[in-house]
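Participant: Sharing a structure with you now.
Each reported figure results from applying straightforward, stated rules to the coordinates on display, with no laboratory input. Computed from a prediction, not measured in an experiment: that's the story for all the values here. In this analysis, Cβ positions are derived from the backbone assuming ideal geometry, glycine residues included, and neighbour counts consider all displayed protein chains.
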């Protein structure tokens with residue numbers, strides 16, 4: 001079984017240059033994907049009214065919220081515990097870890113699908129949905145069966161297969177755009193678009209899972225579950241349960257501004273409010289998606305550098321933080337002058353109302369971009385539990401701000417709440433990581 005240093009083209013790179021190279025590969029795929037996703041929702045907005053677009057958005061968001069509640073983000077678990085195993089070349093233990101994460105993937109997606117289908121009518125009553133919305137939510141929720149791709153993502157990252165992952169990131173958006181275009185040729189309408197998006201999403205997820213299995217077989221020689229047992233995994237991987245619990249709750253706290261806020265906007269402002277908020281978030285993916293990718297790229301290398309006590313840890317962290325802050329602020333300032341023009345010209349006058357919201361969401365995305373990079377460093381140095389508590393405090397503040405500001409300020413209320421909620425984890429994690437660096441003797445980098 002190979003390690004990342006054994007892969008041709010990467011063995012002589014410093015951790016900083018390797019992270020930059022991997023990020024560039026992943027950014028190409030995610031950049032194209034973000035543009036395709038923006039084009040897809042743009043076509044939907046041009047075809048549907050704001051209320052109809054909001055219905056499609058609410059259906060997708062409902063399914064993703066249920067999935068999020070049962071998403072254990074096993075790719076983070078696989079990286080956190082798999083990288084040290086590869087460092088000491090413990091192939092049997094790594095295979096056992098793969099079997100465990102695959103089991104979690106499959107079982108969690110099955111349970112999420114059943115709950116999403118069963119709970120749709122109740123969710124409709126609680127959120128005040130139109131009578132047709134629960135049925136559409138049930139239709140879309142079937143696609144949740146294909147969301148068990150955490151192990152695949154983890155394996156591709158651990159073995160620096162960012163070229164393959166970059167390609168996979170584009171497949172789902174390409175299929176969704178193709179589905180929307182096909183629906184436009186057939187019978188454009190809310191139900192047609194919901195079905196098309198569900199089928200395209202499922203096909204993209206299956207493609208990622210299959211690519212991950214190919215890499216697992218290439219690296220380990222097997223994709224079999226034979227010999228797997230749930231008994232004794234706590235002793236085989238000390239601390240895994242606690243870390244997975246932290247990551248689970250962390251992912252749910254991350255989900256709040258992305259998905260739960262969309263459902264709340266629909267409840268406070270109607271389907272059109274949910275549609276406007278989704279448009280703003282899709283536009284800000286120019287920051288949020290690269291930020292998430294950057295954290296995922298940095299995380300394996302930050303773990304390696306911290307284990308080796310390399311001084312590149314602090315250098316890499318500082319560089320990426322400064323670059324992220326600069327890019328985010330430039331884009332946020334540009335939106336003040338061009339947001340209204342962008343929405344009105346591209347989507348129609350009815351959508352220009354979302355422009356002020358876009359600016360505030362971009363400011364929040366800049367703060368979150370820096371925070372998500374710090375979180376990767378915080379996980380690497382062992383502060384996962386404290387980071388979770390910081391995000392819990394942030395979530396409570398965010399909810400309070402959302403509920404209090406949205407009735408007063410209307411559509412920009414969610415944006416203001418997002419900014420307020422992003423400040424707490426950014427400041428708190430920054431202090432935790434800085435303290436750990438000060439208290440640790442980091443050694444100069446030595447080439448592999």
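Participant: Below 8 Å between Cα atoms, with a sequence gap of 6+, how large is the relative contact order for the chain in percent? Don't jump to the answer; show the numbers that get you there.
Facilitator: Values: 640 pairs, mean separation 95.3, N = 448.
With pairs under 8 Å counted, the relative contact order is 21 percent.
Participant: If you don't mind, another one. Calculate how steeply helix 285-307 sits against the longest principal axis of the alpha-carbon atoms of the chain, using the helix alpha-carbon long axis, and give the answer as 0 to 90 degrees to the nearest 10.
Facilitator: For 285-307 against the chain, the angle is about 20 degrees.
Participant: Which values, in whole Å and largest first, are the semi-axes of the equivalent ellipsoid of the chain obtained as the square root of 5 times each eigenvalue of the Cα gyration tensor?
Facilitator: On the way: eigenvalues 248, 133, 85 Å².
Gyration-tensor ellipsoid for the chain: 35, 26, 21 Å.
Participant: Kindly provide the helix-only [θ] at 222 nm of the chain, computed as the sum of -39,500 (n - 2.57) over DSSP H runs of four or more divided by all residues, to the nearest 500 deg cm²/dmol?
Facilitator: -27500 deg cm²/dmol
Participant: Among 383, 391, 131, what is the fewest-to-most ranking by other Cβ atoms within 10 Å? List each step's numbers first, then the result.
Facilitator: Values: 383 22, 391 26, 131 8.
Fewest-to-most Cβ neighbours within 10 Å comes out as 131, 383, 391.
Participant: Okay, moving on. Would you mind getting the Kirkwood hydrodynamic radius of region 260-395 from its Cα pairs, rounded to one decimal in Å? Mind dumping the intermediate values first?
Facilitator: Details: mean 1/r = 0.0608 Å⁻¹.
Across region 260-395, the inverse of the average 1/r is 16.5 Å.
Participant: Rounded to the nearest 10 degrees, what's the angle between the helix 91-127 long axis and the longest principal axis of the chain, both from Cα atoms, 0 to 90?
Facilitator: Compared with the principal axis, the helix lies near 20 degrees.
Participant: Over 10 Å intervals from 0, what percent of Cα-Cα pairs in region 63-180 sits in each interval?
Facilitator: 13, 33, 31, 17, 6, 1
Participant: Still on this structure, please answer the following. Report, in degrees rounded to the nearest 10, the 0 to 90 angle that the Cα long axis of helix 355-381 makes with the longest principal axis of the chain.
Facilitator: Tilt of helix 355-381: around 20 degrees.
Participant: At what distance in nm do the modelled label points of residue 182 and residue 234 sit from each other, each positioned 7 Å from its Cα along Cα→Cβ?
Facilitator: Computed distance between label sites residue 182 and residue 234 equals 4.8 nm.
Participant: Over all directions, how big on average is the projection of the convex hull of the alpha-carbon atoms in region 89-244, in square nanometres? Walk me through the intermediate numbers first.
Facilitator: Working: hull surface 46.6 nm².
Mean projected area for region 89-244: 11.7 nm², to one decimal.
Participant: To continue, here is another question. Fewest Cβ neighbours within 10 Å first, please rank 21, 236 accordingly.
Facilitator: Result, fewest neighbours first: 236, 21.
Participant: Another question, then. Roughly how many Å is it from the Cα centre of region 112-191 to that of region 25-50, as a whole number?
Facilitator: 15 Å
Participant: Compute the distance from the alpha-carbon center of region 72-96 to that of region 197-223, in whole Å.
Facilitator: 19 Å
Participant: Compute the whole-percent fraction of alpha carbon pairs in region 349-410 spaced more than 16 Å apart.
Facilitator: 62 percent
Participant: Something else about it: Only Cα pairs within less than 10 Å get springs; with that Gaussian network setup on the chain, which residue of 122, 38, 177 has the largest fluctuation?
Facilitator: In this elastic network of the chain, the residue with the biggest mean-square fluctuation among 122, 38, 177 is 122.
Participant: Order these by the 10 Å Cβ neighbour count, fewest first: 429, 331. Display every interim value, and only then the final one.
Facilitator: On the way: 429 25, 331 18.
The order, fewest Cβ neighbours first, is 331, 429.
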